[in-house]
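Accompanying notes for the structure given below.
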Amino acid sequence: MRHLILVLGDQLSMNSPALSDFDPAQDAVLMIEADSEATEVWSHKARIVMFLSAMRHFAEALRARGWPVDYLSIADQPSGSFAFRLEQALQKHRPKALKLLEAGEFRMQQLIADVCEANQIACHWVDDTHFLCSRTEFAAWANSKRELRMEFFYREMRKRHQVLTQGREPVGGQWNFDAENRSGYPKKTGPGEIPLPAAFTPDALTKAVIAEVEQRFPDHPGTAAHFFWPVTREQALTSLDHFIRDRLPNFGKYQDAMWTNTPAGWHSLLSAAMNLHLLDPREVIAAAEQAYHAGSAPLEAVEGFIRQVLGWREFIRGVYWLDMPGMRTANHYNHQRDLPKWFWTGETQMACVRDSLQQTLAYGYAHHIQRLMVTGNFALLAELSPQQVEDWYLAIYVDAIEWVELPNTAGMALHACGPRFTSKPYVASGAYINRQSNYCSGCRYDPAQRSGERACPFTTLYWNFIERHAPALSSNPRTALMAKNLSRLSDQERAAIRRQAAVMLSNLNEL
Ligand SMILES: Cc1cc2nc3c(=O)[nH]c(=O)nc-3n(C[C@H](O)[C@H](O)[C@H](O)COP(=O)(O)OP(=O)(O)OC[C@H]3O[C@@H](n4cnc5c(N)ncnc54)[C@H](O)[C@@H]3O)c2cc1C
Ligand code: SF4
């Protein structure tokens, strides 16, 4: 055998450069399921179904081309870890080389390299051209910058790839329409009718995976009972079409809005399909840009969406590879508290957190503001251990893969990497959540109360955080005002907040 081509669960593209010179006469594809991938990294049932179903559909598509595929499913014997199974496959096939795309996770990359070395088989890594910015290009851009900022990277990417540009200038005269993209839903009428995202009734293969997951992983969090995610290339393209047609026009305006029982809002729900490579980010960006030129979506919405895909997604991936493995242990504030138990059940009295967690457990999805400003904000204000919080985020979303989960959690939500790639900690009190949602109207807490029986944990812990970090916050122009506002509180009020915060922090499981 010339090449044994290992296709990982997040590399499901027929256009993968690892498959470009595939010759069925002398090559074979290897795909490996392993229990260890769902247990070492604890995983929501819907997330396991997402990966296994998409992998099995992809293997069918390869076989339909007449390509040999050695597919090891979790039910096959002998069972074992991913490393064990890879080793067995290398011994069985004895290829001249194992060939594969760069892995999406540092851990997986190390593991595969180690197994190849131990078995004295050459390992050919192929650049992952799914991304518009290669790891090398990102490293060259980052060069010796101590602090990295997405906005500058994003503008470079717009220019380099000629997206929403006229020559070197941005279409519409502005690079950034964030200021127009922060509305909440109207308080009186709520979000109104939002077209639902494409949902796919599980086919026989997915149904079998769901049954297998229920049987093998009964104690894992969440449910696969509502599984509706795209698991094939065709379904992913349908999801993209629906989003561009139905929801992109309002994506920008309501990007930061939250409302009870409105899990998707106007968001795209395309992250899982993109992360598994069922969709290419270039086609996603092109479809959004085309909608602008066709006049079917306004510039603020299209720019806001493209910023996420061409800006944030590529930036986050670049930072991950630049800063691993140190990012996994980063803990700027040295926070050490345990994750409250209700993160896994949704049983908390905080209405905003409860709604975000319950939809997460039901679908494996929450949108960005729920992840950043509800669960993430709480985790930072409650001084939770970054490593425990990171494990939770990696487990709980269908789109979770470490290259994207970790920088978002450690860097964006928890400020665990300090100012390395975010200019300030993203902390907010209950007032922010109240402004952006209807959650507070149905809550046992009151966002305006800093202390007392109905004090909102976000509000109390926010002021506690500001007081603890006042010197650092004062010296940063982006947070100086937060620290200045502290001086409006009397000594008595500040003492009451400290007392209230101490009670809350020592009883996190009861909130
Ligand atoms: C604490 C935390 C953890 C996160 N973990 C993950 C994760 O495991 N996997 C994941 O794909 N995203 C993660 N994100 C980023 C973002 O929240 C999700 O990509 C987004 O919510 C997915 O929903 P959507 O497809 O509807 O996105 P939309 O809001 O419709 O955005 C469009 C696309 O832009 C990309 N995108 C948007 N924001 C980001 C971002 N900050 N980083 C990278 N890509 C982005 C995604 O591909 C997304 O599909 C995390 C964010 C936070 C704050
Ligand atoms: S009052 Fe506080 S805890 Fe309750 S929903 Fe509002 S922000 Fe969340």
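Inspect segment 56-72 for any residue being closer than 22 Å to Ala225 by Cβ, under 25 Å from the mean Cα position of the chain (by Cα) and outside the structural domain of Tyr365 (by TED's automatic domain parsing) and give the result as yes or no.
Yes, the conditions are met somewhere in segment 56-72.
Which of the helices (runs of 4 or more DSSP H) found entirely inside segment 180-270 contain at least 3 residues meeting this: in contact (Cβ under 8 Å) with a residue 60 or more places away in the chain, out of contact with any strand residue (DSSP E or B) (no Cβ under 9 Å at 6 or more places or on another chain) and crowded, with 17+ Cβ neighbours inside 10 Å?
Passing ranges, in order: 204-216.
Taking the residues in segment 344-371 that are surrounded by fewer than 23 Cβ atoms within 10 Å (Cβ to Cβ) and of a type in the set (Gly, Ala, Ser) as candidates, determine which candidate is farthest from ligand 1 (Cβ to nearest atom).
Ala351
Would you check which residues across segment 405-425 are near ligand 1 (Cβ under 7 Å from one of its atoms) and surrounded by fewer than 24 Cβ atoms within 10 Å (Cβ to Cβ) and list them? Spell out the reasoning first.
Here is the first cut: in segment 405-425, the ones near ligand 1 (Cβ under 7 Å from one of its atoms) are 405, 408-409, 412-413.
Listed by number, the residues that qualify are Asn408, Met412.
Just the residues that are under 30 Å from Val7 (Cβ atoms), in contact with a Gly (Cβ under 9 Å, 6 or more places away or on another chain) and in a helix (DSSP H, G or I), please, taken from segment 271-304.
Scanning segment 271-304 gives Ala272, Asn275.
Identify the single condition in (1) at pLDDT below 95; (2) within 8 Å of ligand 2 (Cβ to nearest atom) that Arg420 does not satisfy, given that it satisfies every other one.
The number of the failed condition is (2).
Determine if segment 321-341 includes at least one residue that is touching a helix residue (DSSP H, G or I) at 6+ places or on another chain (Cβ under 7 Å), in a helix (DSSP H, G or I) and under 17 Å from Ala382 (Cα atoms).
yes
Return yes when Gly376 is closer than 20 Å to His226 by Cα, within 13 Å of ligand 1 (Cβ to nearest atom) and modelled with pLDDT of 95 or more and no when it is not.
So Gly376 does not fit the description; no.
So, in segment 46-67, how many residues would count as being part of a loop (DSSP other than H, G, I, E, B) and buried (at least 16 other Cβ atoms within 10 Å of the Cβ)? Break it down into steps so the answer makes sense when it comes.
Initial filter on segment 46-67 (part of a loop (DSSP other than H, G, I, E, B)): 65-67.
Right, trim to buried (at least 16 other Cβ atoms within 10 Å of the Cβ) and you get 67.
Adding up the residues that qualify gives 1.
Is it true that Glu147 is loosely packed, with under 15 Cβ neighbours inside 10 Å and either assigned to a loop (DSSP other than H, G, I, E, B) or out of contact with any Cys (no Cβ under 8 Å at 6 or more places or on another chain) (or both)? Walk me through it before giving the result.
Numbers: loosely packed, with under 15 Cβ neighbours inside 10 Å: yes; either assigned to a loop (DSSP other than H, G, I, E, B) or out of contact with any Cys (no Cβ under 8 Å at 6 or more places or on another chain) (or both): yes.
For Glu147, the condition - loosely packed, with under 15 Cβ neighbours inside 10 Å and either assigned to a loop (DSSP other than H, G, I, E, B) or out of contact with any Cys (no Cβ under 8 Å at 6 or more places or on another chain) (or both) - is met.
Could you name every one of the helices (runs of 4 or more DSSP H) located completely within segment 416-507 that has at least 2 residues being out of contact with any His (no Cβ under 8 Å at 6 or more places or on another chain) and closer than 30 Å to Met324 by Cα?
457-468, 470-474
For segment 8-45, name all the residues that are crowded, with 19+ Cβ neighbours inside 10 Å and in a helix (DSSP H, G or I).
Within segment 8-45, Ala18, Leu19, Glu37, Ala38, Lys45 qualify.
The values are calculated or read from the model by the stated rules, or taken from the named source; none is laboratory data. None of these values were measured; they are calculated from a predicted model. Note: ideal-geometry Cβ built from the backbone for every residue, glycine included; neighbour counts use all protein chains shown.
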